Amino acid sequence: MSVGFLGIQFGFALQNGNASRILQTFGADVEHLSLFWLAAPLTGMIVQPIIGHFSDRTWNRLGRRKPYFLFGALAAALALILLPNAGVITALLPPILIGAGMLMIMDASINVAMEPFRALVADNLPDAQRSTGFSVQTFLIGIGAVAGSWLPYLLAEYGHIAKTAAPGAVPDNVRYSFYIGAAVLAGAILWTIFTTREYSPEEHARFNPEEPERNTAKGLTVILKDFANMPLAMRQLGLVQFFSWFALFSMWVFTTPAIAQHVYQVLPGDTSSVKFADAGNQVSFLFGIYNGVSAVYALCLPTLVRLTSRKTTHALSLALGGISLIWIYFIHTPGWLICPMIGIGLAWGSILSMPYAMLSSVLPVQKMGVYMGIFNFFITFPQIVNGLLGGLIVKYIFAGQAIYALTMAGVCMLCGAIAVLSVKDGERSLLKIKSTRTDAARAL
């Protein structure tokens, strides 16, 4: 069911690890990178609630959620092919604008494919299995992200494919990685489409007899009404998500220039040297480490939840991630950078599963898709804030030193760990309901 998410994350990891590098190659300054990265949260904020709303109401021969997987995957694969070649398509616009446009198309397409996957897990699994379901999904996400993150490094170091190029051109190891990513993304989505069965409307109604008849009101009106009526726990999780994703956005945007400046001593504006290429490949490798840790950690999450709770597990994970991000400031040798990636991987694994497990417990089943889409607002909004302010902070407060953006990210993640403790999780009420049902069954 979640193999398609492996492919999505393969492409997403290539973007996260290499987009800043590609944009700098096309001429972007470090303080402007966050503005280009605004494409991702802006498109996600618009696309995901709409896709979630309509996927709740889609029932055709292909399925309920699967039509959106297919369209999003094909468009994202095309964008993966075009992004590293933006410098070739320069007849009308500068390469930097074409690259930013391809980044926006890729983000919109990935969002179309990604959002229904969360709802698909919630559709097909009872609440008691959702922590495990989202953990398995996170495991597959981790596998895809490791492969996508490591691919440029492996092609350069072991495939002997060029890791440097002329000024203004993307190295071959990065370009070929994006081509492979396009094929993996499309293939994985097609695997899920052809092998996964969704419940028919009749079966869905039988499993959810309490679900009222679907509302036929206009889409935007319903989305706005649902947004205003979101559950309290969802609002509380919104604050946690703000701190978490503000931190993640800083990490994705500024890790390459931060490592290049702070560890490899690359001078500003030097994007064609071997040192800059080594820094970029090292960041791809490090991103693979934290994604690999998250994949393994995802399998441990259900056990940790049983021993503690979803809130405690998520709070501890975020705290370790925050400490690890701050730790990067004190490292000046590339080999030691692997250590903080372990803590970041623990936080990432929890971020991909625990909020959704907590959220799905308090959502009405007939609104699962639209609320999963609306919940994306709490992911995109902090990224938009960071995109608008992050570059200014680096330029005017941090004097162009991107390493301090990672320290700021660590502090934000620690704030998220504190905020999650106040979330009113539906886990206890669910346990109480199960206990009541068990007692009633015994009495009968």
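Some observations on this one:
- The sole residue among PHE12, PHE26 that is among the aromatic types (Phe, Trp, Tyr) and farther than 20 Å from GLY168 by Cβ is PHE12.
- Taken over the range 158-177, residues that are of a type in the set (S, T, N, Q) and either part of a helix (DSSP H, G or I) or out of contact with any Ser or Thr (no Cβ under 7 Å at 6 or more places or on another chain) (or both) amount to 2.
- Only listed residue being closer than 24 Å to PHE375 by Cα, at pLDDT 85 or above and surrounded by fewer than 18 Cβ atoms within 10 Å (Cβ to Cβ), chosen from ARG235, ARG214: ARG235
- Apart from one condition, ILE344 fits all of (1) buried (at least 24 other Cβ atoms within 10 Å of the Cβ); (2) over 19 Å from CYS415 (Cα atoms); (3) aliphatic (A, V, I, L, M); the exception is (2).
- Every residue from the range 257-274 that is outside any loop (DSSP other than H, G, I, E, B) and at pLDDT below 90: VAL274
- Any chance HIS314 is more than 22 Å from the chain's Cα centre (by Cα) and in contact (Cβ under 8 Å) with a residue 12 or more places away in the chain: no
- Within the range 102-132, if we keep just the residues that are under 20 Å from LEU42 (Cα atoms) and among the β-branched types (Val, Ile, Thr), the residue that is surrounded by the fewest Cβ atoms within 10 Å (Cβ to Cβ) turns out to be ILE105.
- Residue identified as in a helix (DSSP H, G or I) and in contact with a strand residue (DSSP E or B) (Cβ under 9 Å, 6 or more places away or on another chain) among ILE193, ILE105, ILE180, ILE143: ILE193
- Every condition in (1) part of a helix (DSSP H, G or I); (2) surrounded by fewer than 20 Cβ atoms within 10 Å (Cβ to Cβ) is met by VAL283 except one, and the failing one is (2).
- Residue check for LEU406: modelled with pLDDT under 90, in a helix (DSSP H, G or I), more than 30 Å from LEU224 (Cβ to Cβ) and not β-branched (Val, Ile, Thr): no
- Residues that are touching an Asp or Glu at 6+ places or on another chain (Cβ under 6 Å) and not small (Gly, Ala, Ser), drawn from the range 384-421: VAL394, LYS395
The values are calculated or read from the model by the stated rules, or taken from the named source; none is laboratory data. Keep in mind the model is a prediction, meaning the values are calculated, not measured. Here the Cβ is made from the backbone with ideal geometry for all residues, glycine too, and neighbour counts use every protein chain on show.
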